[in-house]
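The values are calculated or read from the model by the stated rules, or taken from the named source; none is laboratory data. All values derive from a computational prediction rather than experimental measurement. So basically every Cβ, Gly included, is an ideal-geometry build from the backbone, and we count neighbours across all protein chains shown. Protein only, heavy atoms only, side chains kept; ligands, DNA and RNA dropped before computing areas. Shrake-Rupley method; radii C 1.70, N 1.55, O 1.52, S 1.80 Å.
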Amino acid sequence: MKNILVTCALPYSNGPIHLGHILEHVQADVWVRYQKLLGNNVYFLCSDDSHGTAILLKSRELNINPKKMISKLYLEHKQQFLNFNISHDFYCTTHNKYNYLFSLYYIKKISVLGLLKKKNIYQFYDKYHNIFLSDRFVIGKCPLCLSNRQYGDSCNVCGNIYNVLDLINPISILSKKKPFLKNSEHLFLNINFFRKKIISWVHNSLLQNEVKNQLLMWLNKNINDWNISRDVPYFGFKIPNIYIKSKYFYVWLDALLSYISNFKYFCEINNLFLFNDFWNINSKYELYHFIGKDILYFHGLLWPSILDSMNFRKPSGLIVHGHLKINSNKMSKSNNNFITSKKWLKYLDSDSLRYFLVSKLSNHINDIDLCMDEFLNKINSDIVNKYINIISRISVFIDNYFNSCLSNNLYDFKFYKYFVNKSILISNMFLNFDYSGALIKICDFCDLVNSYINDKKPWLMDIKSIKLHEFCSTIINIFIVISVYLSPVLPDLSSKIEKYLNIKLTWKCLNKPILGHKLNKYKKLFFRIDSLLIKKIYN
């Protein structure tokens, strides 16, 4: 049995959960559910990212105390993830005492190691709002590929990282005017000190090839010192004055530290003595982070250096995905192309989105397009016409002629065993993040079963015959096998299937067929998606 800790990137506490968040959490949730299905011990943790300039500004806009705002959004975020059956074992915010204590512990460690430097630097300042601008509050032309409307820290077009001061024609997002440069003293971490250790980690951890190549490209150059402090006004944890006066910890520092502190928090409230087992430098337990490609720099360079300085273990791997587009366009509120999780569930179910996203996810980091016409066709074809069609065709015979009870023997054990024997293939595909490949195989299984039904023509068999009873029982047992494979992807539908079948869908279902077993009367399990519902999402 494996012991695994899984995290996702942290949703920010200044707005609703949207489908981009759901993509990442579904990717992690399916993997976690598969690990648990196979009997592994998995802890799935996440939290709201509740610090930073954006939190402060949003609270001012809403005329609410930032602590009240993040508390309100935390409850909303947690519920929205539950509505999509995201199976977090623990979900909190970064604004807690555990995270503050680890922030203090970290700065003490790097100070003792002599890795802290004080520097006077120039930063962009918005005089109309009297605030220093973080990188994400400045846009301009990328200094490398010259793409317009790029943020101050990285380019979404060419993917390069740069200094915000190199941005061409910078504009403040707040005032829409050109900011000016203002001097301020800050604390910097010497990341180059950890460079060789990070390179070794990159070569010896689970990373997609694209991820590994990108990290090594950055590591082949000198890495700039990292500014870990921020000026007032700010919402976050204050840095003790013995290190620097009137500064706060940079939001990205305590966001990364929350992977450690949240697990400590979780262990203490659940009276678990697991913290050292997972985080000690020689830990044999596994740690995986599911993230988007836009925050690879933080997780691939800064995070390993933080862990090294604290003498903690590094991640077993990073699982990186691309951006979510809707109808081939970047999500945008102004273009009516921004869908929150709440709005989705007003018109459509969670399982259908989970299935579509899983069908697009692979072990590569390509962007994913939620094309609504494709979504409609895929759900109606794969789930309704292929998967659920199997049980809807057979249940009528079992209900009407055999008192909703399975036979004591199978009609075709060899055919049933064919699907059981694919369990290693399917589980390996999911565990190796080839979700789309796994669903293609499962759809092939459904096609094969439906063709088998067509060939055998049960409607022409004697309705009182053992042959018909055993044939239907064979098909239902194959349906159970396929349902086990799909259960991490479709939790709501799986729950309905479990109620119909009077069983729990577990990996043990694959050990032997279920015979002489009483079922409930069949009721429609899944409904076709109407194109009118798709249109309502955009209204």
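Of all trypsin sites (Lys or Arg not before Pro) in the range 204-312, which ones are in loop regions per DSSP and have a Cβ with at most 12 other Cβ atoms within 10 Å? Those satisfying the criteria are Lys221, Lys245, Lys284. Once a ≥ b ≥ c are taken as the square roots of the eigenvalues of the Cα gyration tensor of the range 197-319, is the result rounded (a/c under 1.5), prolate (a/b larger than b/c) or oblate (a/b not larger than b/c)? Note, shape of the range 197-319 comes out oblate.
Surface analysis of the range 220-379 yields an accessible area of 40 Å² per residue, using protein heavy atoms and a 1.4 Å probe.
Remark on Asn327: its backbone amide H falls under 5 Å from those of Leu370, Cys371, Met372, a criterion applied only to residues 5 or more positions apart or on other chains, H modelled at 1.01 Å from N. Ranked by the mean number of other Cβ atoms within 10 Å per residue, highest first, peptides 115-123, 134-142 order as 134-142, 115-123. Placing unit charges on the Cβ atoms of the charged side chains and taking the dipole of the chain about its Cα centre, the candidate lying farthest along the positive direction among Leu215, Tyr234, Pro11 is Tyr234. The magnitude of the dipole of the range 113-218, with charges of +1 and -1 set on the Cβ of Lys/Arg and Asp/Glu and taken from the Cα centre, is near 200 debye. The figure for Glu185 is an accessible area of roughly 70 square angstrom, using a 1.4 Å probe on the protein chains alone.
Modelled spin labels at Ser495 and Asn130, positioned 7 Å past Cα toward Cβ, are 5.1 nm from each other. Rg and Dmax over the alpha-carbon atoms of the range 66-157 stand at 19.2, 48 Å.
At the residue level, Asp492 shows approximately 70 square angstrom of accessible surface with a 1.4 angstrom probe and all protein chains present. DSSP finds beta bridges in the chain, and of those with both partners inside it, around 55 percent are antiparallel. Across the alpha-carbon atoms of the range 19-62, the computed radius of gyration and Dmax are 16.0, 48 angstrom. From largest to smallest, the equivalent ellipsoid semi-axes obtained for the range 164-207 from the alpha-carbon gyration tensor read 36, 16, 8 Å. For the chain, the longest principal axis of the alpha carbon atoms and the long axis of helix 195-204 meet at an angle near 10°. Atom-type composition of the exposed protein surface of the chain places 50 percent of the accessible area on carbon and sulfur (1.4 angstrom probe). Computed from Cα atoms, the angle from the helix 466-486 axis to the main principal axis of the chain rounds to 0 degrees. Each peptide in 13-26, 510-523, 71-84 gets a packing score, the mean of other Cβ atoms within 10 Å over its residues, and the list from highest to lowest is 13-26, 71-84, 510-523. Aspartates and glutamates within cross-link reach of Lys330: Cα-Cα under 18 Å, excluding same-chain residues under 8 positions apart? Qualifying aspartates and glutamates at Cα under 18 Å: Glu24, Asp294, Asp367, Asp369, Asp373, Glu374.
The H on the amide N of Asn227, modeled in the peptide plane, is under 5 Å from the matching H of Leu189, each at least 5 residues off or on a different chain. Rounded to the nearest 20, the size of the Cβ-charge dipole of the chain about its Cα centre is 800 debye, with Lys and Arg at +1 and Asp and Glu at -1.
Note on Asp462 and Ile424: with the Förster distance fixed at 56 Å, the Cβ-Cβ geometry gives a FRET efficiency of about 0.90. Here is the list for the range 210-283: chymotrypsin sites (Phe, Trp or Tyr not before Pro) lying in DSSP coil, each with at most 11 other C-beta atoms within 10 angstrom of its C-beta, are Phe273.
Size of the range 260-313: Rg and Dmax of its alpha carbons, in Å, are 12.5, 36.
Pairs of Lys residues in the range 14-110 are counted when their Cα atoms are under 29 angstrom apart and they lie 8 or more places apart or on different chains; the count is 16. Partner aspartates and glutamates whose Cα lies under 12 Å from the Cα of Lys441, excluding those fewer than 8 positions away in the same chain, are identified as Asp382. One chain, two ends: Tyr452 and Ile64. Fully extended at 0.36 nm per residue, the span grows by 133.4 nm beyond their Cα-Cα distance.
Length available on full extension from Val384 to Asn224: 0.36 nm per residue minus the Cα-Cα distance, which gives 52.3 nm. Per-residue Karplus couplings for the range 431-443, computed as 6.51 cos²θ - 1.76 cosθ + 1.60 with θ equal to phi - 60°, are listed in order as 5, 9, 6, 8, 5, 4, x, 5, 5, 4, 4, 5, 5 Hz, Gly and Pro entered as x. Compared with the dominant principal axis of the Cα atoms in the chain, helix 97-112 is inclined by about 50°. In this structure, the pairs whose alpha-carbon distance is over 27 Å, taken from Lys293/Lys536; Lys293/Lys504; Lys264/Lys284, are Lys293/Lys536; Lys293/Lys504. Its Cα centre serving as origin, the range 141-299 has a Cβ charge dipole (Lys and Arg +1, Asp and Glu -1) of approximately 520 debye. Extension gain, Leu165-Asn271: 0.36 nm per intervening residue step, less the Cα-Cα distance, totals 33.3 nm. For the chain, what Kirkwood radius comes out of the mean inverse Cα-Cα distance, in Å? Roughly 25.6 Å, rounded to one decimal. Taken per residue, the accessible surface of the range 1-75 reaches 34 Å², heavy atoms only and a 1.4 Å probe. For the residue pairs Lys325/Lys524; Lys118/Lys182; Lys422/Lys518, alpha carbon separations beyond 24 Å are given by Lys325/Lys524; Lys422/Lys518. Considering only the range 277-402, what is the antiparallel percent among its DSSP beta bridges, to the nearest 5? Approximately 25 percent, going by the DSSP bridge assignments. Relative to the compact-globule estimate of 2.2 N^0.38 Å, the Cα radius of gyration of the range 421-539 comes out at 1.23. Using a simple spin-label model with pseudo-atoms 7 Å out from Cα toward Cβ, Cys145 and Met331 lie 2.1 nm apart. The mean accessible area for residues of the range 406-480, using a 1.4 Å probe and ignoring ligands and nucleic acids, is 45 Å² per residue.
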